[in-house]
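Written out below as structure tokens is the structure these notes cover.
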Amino acid sequence: MTIAEVGRARLRKEDAHLITGRSRYTDNMTLPGMLHLAMVRSPFAHAKITSIDASAAKSSPGVVAVLTGADVAAQQGSLPNAWPITPEQKAPAHPAIAVDAVAFAGEVVACIIARSAAAARDAVELVDVSYEELPVVLDLEEALKDEVLAHPDLGTNKSATWIFDSGEAGTGKAISEALEGAEVLIERTFYQQRLIPAFMEPRSTVVDPTGEQITVWSATQIPHILRLMLALTLGIPESKVRVIAPDVGGGFGGKLQVTPEEAITVLAARHTGKPCKYTETRSESLMAAHHGRAQVQKVKLSATKEGIVTGLDVHLLADMGAYLGLVTSGVPILGAFMYNSIYKFPAYRFECTNLFTNKAWTDAYRGAGRPEATFAIERLMDELAVELGIDPLEVRKKNWITHEEFPFTTVAGLEYDSGNYEAATAKAVELFGYDELRAEQALRREANDPVQLGIGISTFTEMCGLAPSRVLGALSYAAGGWEHAQVRVLPTGNIEVVTGSSAHGQGHETAWSQLVADRLGVPFENVEVLHGDTQTSQRGLDTYGSRSLTVGGMAVLAAADKVIEKAKVVAAHMMEASEEDIEFTEGKFSVKGTDQSTALGEIAFAAFSAHNLPDGFEPNLDSDATFDPQNFSFPHGTHLAAMEVDTETGQVTIRKYVCVDDVGVVVNPLIVEGQVHGGLAQGIAQALYEEAVHDDAGTLVTGSFVDYLVPSAPDLPHFTTARTETPSTTNQLGAKGVGEAGTIASTPAIVNGVLDAVRHLGVTDIKMPCTPSRVWAALEEAKTTGGVQ
Amino acid sequence: MIPSAFDYAAPATVAEALGVLADAGDDVKLLAGGQSLIPVMKLRLADPAMVVDLGRIGELSGVRDDGDALLIGAMTTHHQIATDPLIAEHVPLLAKAAATVADPQVRHRGTFGGALVHADPAGDMPAPVLAADATFILAGPNGERRVAAADFFQGYFTTAVDDGEILTHVRVPKYAGWGAHYEKFTRVAQQWSIVAVAAMVRVDGGTIAEVRIGLTNMASTPLRATAVEQALVGAPLTRESIATASAHAAEGTDPASDLNGDAAYRRHLAEVLTKRAVIAAAGL
Ligand SMILES: Cc1cc2nc3c(=O)[nH]c(=O)nc-3n(C[C@H](O)[C@H](O)[C@H](O)COP(=O)(O)OP(=O)(O)OC[C@H]3O[C@@H](n4cnc5c(N)ncnc54)[C@H](O)[C@@H]3O)c2cc1C
């Protein structure tokens, strides 16, 4: 009897090479005759380029060429935005190398091509660029006024306005009714600070132009999309481009992009006819790779005196930064469907204005739109609880969808297939020791303890998969949301799984091996997972949006099922039985009611030798499948944080963190836990530590890790993670996404906890990140305004 | 992150190093652990024509008993300071402060002397050394000179070390029978001090007999919290008297404002952290 692979906490097979230095990142690539690039970047956030004198750089030792925007204007095209959210959406042209003007500090104005990285770097200093500085617009409220324009040619800072109205959509009532008749109205403004994805491996690209195809190695999450987009942007036939994503050291959405630097490396390689490499420095990465979040949320929530929510009105200002990247404009829209979260709101309206500013452009960052939405609603649920003087858990219970009510069509128009919020919450409350901590909180308040205790609650759900294709089409996203897989049976019976998902730390090699080992009844070790090369994995839509298992993994299972069907035909032929009589269990094909059987390996060899196959049977068992789910998957969970606030210093400490996530059926609990831990760290980072700060001129002040504070292990508590398992009904395994769960839920849990600790002292809000100085300032202000209610 | 090209020398003795310095002109930098110098060179905020590596000069490393004081070599690493038995016995304040510097990797490379000459206002070693009333021994073209800690730190990243000079040793008096504590305030575990307080206290029969307090990052140089020291000497050893005295901690300070907090917040922190540091040093 073999042990079921699905559900088994296997160590990740890819870790052996990743953690012993046998990895191959893009920057490890060295090709004969390879040249090195360095970028000259604008120090100004907004300026006209009046002239560029590259003569000194060109004659610097080792320099082969210098490319300016003018040099490549005819070839470079405009970098793609794949999500025009409205037909009228405005967007500036986005050249990889700026031609006439720059719109953020860090934008590339020239590229040095040299024989060594050091020679390229030295020559950067020698390029003399004359700028005429222009006024900058950095703040969203300022941008809205259209007084200073990020792109004067555009005539406005407004890129697009996108509205969802449940009254008009027929998914609920009109919001106006709810707001007018409100017994309780909570009105708040929340600031989602700008964040930097801060993946561990900086971006890097190597391009070899010397073969029939241009080969591009890149530290990307999206080799397939990159291939298509590079071809379209640079006017190269798609068939002439091969993209390889070798080992990739994290992405978090930050490598879900078609970057100027990738395009420039292709241009440089074509210009010189030689392989070219560009690897950014950490400073460049922080300054010029896309950022995330950066929204102002003006929200109104109406409710009855009993705490039943009657309506939610959301007005969003979303910072695009200087350009529209691949999905920049769509990120707030991904949030639009999640503001109602796990709740049954009768009326909902969402309006978002996408605005340009003179900062690095924003785009997908872990959770993309959904963390922002969840933060706002979970903060509001706490505010409602305070307003009514009831327990915040109670308010949530009054409003959430109960488990009997699934499938449930929400006021935002999504159909949630399954969920059990009661079960997850009950488990979390028990693990947390909710009542004991509430009792301790009361004691500390009474004793006026300098260290106060707060309890932060957050429940969440999200839409994962970024599938179905037709829904994405309805939202004007340019691509689909399917995924492709191929399962190949080698003559020895070993299996190769080719996946269109592109792992960059998630553990697909292990999880996909488990899936296939189970389905085909072969040992885990006999399965090899291949990915990240458009020549091997020809079709795919890559990895983002917690989609890999629920979409890509299901394609793998579908392909494996086809292998079984093919093998049955051969097995029947070999054992002289009819196909209907062949049964497949644990890797063996047997004839019903007999002890006759044959193993997959024997069938594979028979198919390979092809000496004796049924007439017309193609001599192999290999199978392809493409899976396009009918619906998103909707993981959910309840997170509880016990927060200590030192009222003397404002220092915040996480004393206890409990999360119960429901990600449906789990293939590998260890990987799920890893995803949750990493997600929690990033969500906690938004709540307490990280913020991209610019000065008045638009220069990034948090330009290194000295100032952009990414927490590390000692800053995080021991996490208590647990699960409930409510299978998804939208895929055959019952799995749901897990990659973004921790990030989405933890930010509001932490901030709610901080506020709960100091609310009795008169503090009602603290902007993220809740730094000690901000917490202390809030306490001081509450003292002077006598804010204690 | 590639620095500009530079020449490199690795002398084996202090005398040899002084010779190299004398020949090299003014565009030269000494390299100790490189934990501050190399980052600024990689960012091209510094581009010396020559780097003189002190790493091969054995005489600059280690801690020696020197009668009523310890003699600490400039190239002694933070890790050595944090774990050295002589320091633990006679000036534990230094060990406690060194243990808060960065992470194990940085503590194994970064040096005591490098940190002191670098004189980062947020650096953790200057304030304890100032509180301990150490003496700096500098070797130069005209021989050796000694500088008191009070005169050593002259401004933002500026010390009494002249061009052509090398800090060879720091002489730190022994503090037998004193309690010590370094109270460092940061937002994340691995960070320079937002504010920190170094305190040494000698208690005699229920009263505070002697006290020395150094403040980190409350001005462009480390400072002594003189007003607090004065208020504490002879005061009863109680939390109340320490709290009252600590209210003077921000007097005479001039802290910067940055992303971690403005000057008012730092002044407030100085008071709270001084109270905590003294309480801990006194073993209350
Ligand atoms: C990631 C990281 C985190 C850090 N965190 C902290 C922290 O929390 N607290 C803290 O205090 N520090 C911190 N540091 C700095 C660390 O303590 C450095 O080691 C120290 O500041 C410099 O020491 P060094 O030996 O590396 O000197 P170097 O970088 O080699 O030199 C620093 C300067 O001193 C000069 N110099 C060095 N030795 C001599 C000498 N003997 N005579 C004359 N001039 C000399 C050099 O020319 C140079 O200008 C951190 C550093 C890093 C990289």
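So which of A:Val487, A:Val522, A:Val516 ends up being assigned to a helix (DSSP H, G or I), assigned by TED's automatic domain parsing to the domain that holds A:Ser609 and touching a helix residue (DSSP H, G or I) at 6+ places or on another chain (Cβ under 9 Å)?
Only one candidate passes the filter, namely A:Val516.
Inspect all residues belonging to region A:651-673 and state whether any of them is among the hydroxyl-bearing types (Ser, Thr, Tyr) and closer than 26 Å to A:Leu393 by Cα.
Yes: one or more hits.
Which of the residues that make up region A:554-575 are surrounded by 20 or more Cβ atoms within 10 Å (Cβ to Cβ) and of a type in the set (Lys, Arg)?
Residues satisfying the conditions do not exist here.
Look at B:Val195 and say whether it is within 14 Å of the ligand (Cβ to nearest atom), surrounded by 18 or more Cβ atoms within 10 Å (Cβ to Cβ) and modelled with pLDDT of 95 or more.
yes
Here is a list: B:Ala270, B:Ala247, B:Ala282, B:Ala263. Which entry is modelled with pLDDT of 95 or more, surrounded by 21 or more Cβ atoms within 10 Å (Cβ to Cβ) and within 14 Å of chain A (Cβ to nearest Cβ)?
So the residue among B:Ala270, B:Ala247, B:Ala282, B:Ala263 that is modelled with pLDDT of 95 or more, surrounded by 21 or more Cβ atoms within 10 Å (Cβ to Cβ) and within 14 Å of chain A (Cβ to nearest Cβ) is B:Ala270.
So, in region B:76-131, how many residues would count as being away from the ligand (no atom under 11 Å from the Cβ), in contact with a helix residue (DSSP H, G or I) (Cβ under 6 Å, 6 or more places away or on another chain) and closer than 24 Å to B:Leu30 by Cβ?
Of the residues in region B:76-131, 5 are away from the ligand (no atom under 11 Å from the Cβ), in contact with a helix residue (DSSP H, G or I) (Cβ under 6 Å, 6 or more places away or on another chain) and closer than 24 Å to B:Leu30 by Cβ.
Would you be able to say whether some residue in region A:364-384 is of a type in the set (Ser, Thr, Tyr), on the phi < 0 side of the Ramachandran plot and in contact (Cβ under 8 Å) with a residue 40 or more places away in the chain?
The answer is yes, given that some residue of region A:364-384 is of a type in the set (Ser, Thr, Tyr), on the phi < 0 side of the Ramachandran plot and in contact (Cβ under 8 Å) with a residue 40 or more places away in the chain.
Looking at B:Glu210, B:Glu183, which one is within 14 Å of chain A (Cβ to nearest Cβ), assigned to a strand (DSSP E or B) and in contact with a strand residue (DSSP E or B) (Cβ under 9 Å, 6 or more places away or on another chain)?
One residue alone meets the criteria, B:Glu183.
May I ask you to list the residues in region A:503-513 that are modelled with pLDDT under 95 and in contact with a His (Cβ under 7 Å, 6 or more places away or on another chain)?
The answer is A:Ala503, and nothing else.
Quick check on my filter: what residues within region A:467-481 are among the hydroxyl-bearing types (Ser, Thr, Tyr) and either outside any loop (DSSP other than H, G, I, E, B) or without any contact (Cβ under 8 Å) to a residue 60 or more places away in the chain (or both)?
A:Ser469, the sole residue that qualifies.
I'd like to verify a number: residues in region B:22-59 that are at positive phi and within 11 Å of the ligand (Cβ to nearest atom), how many?
Summing the residues that are at positive phi and within 11 Å of the ligand (Cβ to nearest atom) in region B:22-59 gives 1.
Looking at region A:562-653, what strands (runs of 3 or more DSSP E) fall wholly within it and have at least 1 residues that are away from chain B (no Cβ under 14 Å) and farther than 30 Å from A:Lys427 by Cβ?
By residue number, A:582-585, A:588-591, A:597-599, A:623-627.
Take the residues of region A:766-787 that are of a type in the set (Val, Ile, Thr) and in a loop (DSSP other than H, G, I, E, B): which is nearest to A:Glu648 (Cα to Cα)?
Out of the qualifying residues, it is A:Thr771.
Name the residues in region A:697-713 that are at negative phi and more than 10 Å from every other protein chain (Cβ to nearest Cβ), would you?
Scanning region A:697-713 gives A:Ala697, A:Thr699, A:Leu700.
Residue pairs, Cβ under 7 Å, 6 or more apart or interchain, first in region B:28-45 and within 11 Å of chain A (Cβ to nearest Cβ) and touching a residue at least 60 places away in the same chain (Cβ under 8 Å), second more than 6 Å from the ligand (Cβ to nearest atom) and of a type outside the set (S, T, N, Q). List them.
The qualifying pairs do not exist here.
Taking the condition of being free of Cβ contacts under 8 Å to residues at least 12 places away in the same chain and within 14 Å of chain A (Cβ to nearest Cβ), how many residues in region B:1-18 meet it?
Number satisfying all stated conditions: 1.
Any chance you could count how many residues in region A:319-344 are buried (at least 24 other Cβ atoms within 10 Å of the Cβ) and without any contact (Cβ under 8 Å) to a residue 60 or more places away in the chain?
The qualifying residues number 2.
Out of the residues in region B:214-234 that are crowded, with 18+ Cβ neighbours inside 10 Å and more than 13 Å from the chain's Cα centre (by Cα), which is farthest from the ligand (Cβ to nearest atom)?
So the residue we want is B:Ala231.
Taking the condition among the aliphatic types (A, V, I, L, M), free of Cβ contacts under 8 Å to residues at least 60 places away in the same chain, over 24 Å from B:Arg266 (Cβ atoms) and away from the ligand (no atom under 11 Å from the Cβ), does B:Val147 pass?
So B:Val147 passes the test.
Taking region B:151-170 as the region of interest, how many residues are more than 9 Å from the ligand (Cβ to nearest atom), in contact (Cβ under 8 Å) with a residue 40 or more places away in the chain and either in contact with a Lys or Arg (Cβ under 8 Å, 6 or more places away or on another chain) or aliphatic (A, V, I, L, M) (or both)?
Here the count works out to 1.
Listed here are the residues, each with its yes/no results for (1) within 14 Å of another protein chain (Cβ to nearest Cβ); (2) surrounded by fewer than 17 Cβ atoms within 10 Å (Cβ to Cβ); (3) part of a loop (DSSP other than H, G, I, E, B).
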| position | (1), (2), (3) |
| --- | --- |
| A:Cys659 | no, no, no |
| A:Val666 | no, no, yes |
| A:Val672 | no, no, no |
| A:Gly679 | no, no, no |
| A:Ala687 | yes, no, no |
| A:Glu690 | yes, no, yes |
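Which of the residues spanning region A:228-243 are within 14 Å of A:Gln535 (Cβ to Cβ) and buried (at least 21 other Cβ atoms within 10 Å of the Cβ)?
Result: A:Val241, A:Val243.
Checking the structure you have, find out if any residue of region A:120-127 is under 15 Å from A:Gly62 (Cα atoms) and among the small types (Gly, Ala, Ser).
yes
Is it the case that B:Ala196 is in contact with a strand residue (DSSP E or B) (Cβ under 8 Å, 6 or more places away or on another chain), part of a strand (DSSP E or B), in the same structural domain as B:Leu237 (by TED's automatic domain parsing) and touching a residue at least 40 places away in the same chain (Cβ under 8 Å)?
It is true that B:Ala196 is in contact with a strand residue (DSSP E or B) (Cβ under 8 Å, 6 or more places away or on another chain), part of a strand (DSSP E or B), in the same structural domain as B:Leu237 (by TED's automatic domain parsing) and touching a residue at least 40 places away in the same chain (Cβ under 8 Å).
Which ranges mark the helices (runs of 4 or more DSSP H) fully within region A:345-463 that have 2 or more residues being crowded, with 22+ Cβ neighbours inside 10 Å?
Ranges flagged: A:370-388, A:392-399, A:421-432.
Within region A:714-768, which residues are within 14 Å of chain B (Cβ to nearest Cβ) and either on the phi > 0 side of the Ramachandran plot or in contact with an Asp or Glu (Cβ under 8 Å, 6 or more places away or on another chain) (or both)?
A:Met768, the sole residue that qualifies.
The values are calculated or read from the model by the stated rules, or taken from the named source; none is laboratory data. Quick caveat, the model's predicted, so the values are computed rather than measured. Note: ideal-geometry Cβ built from the backbone for every residue, glycine included; neighbour counts use all protein chains shown.
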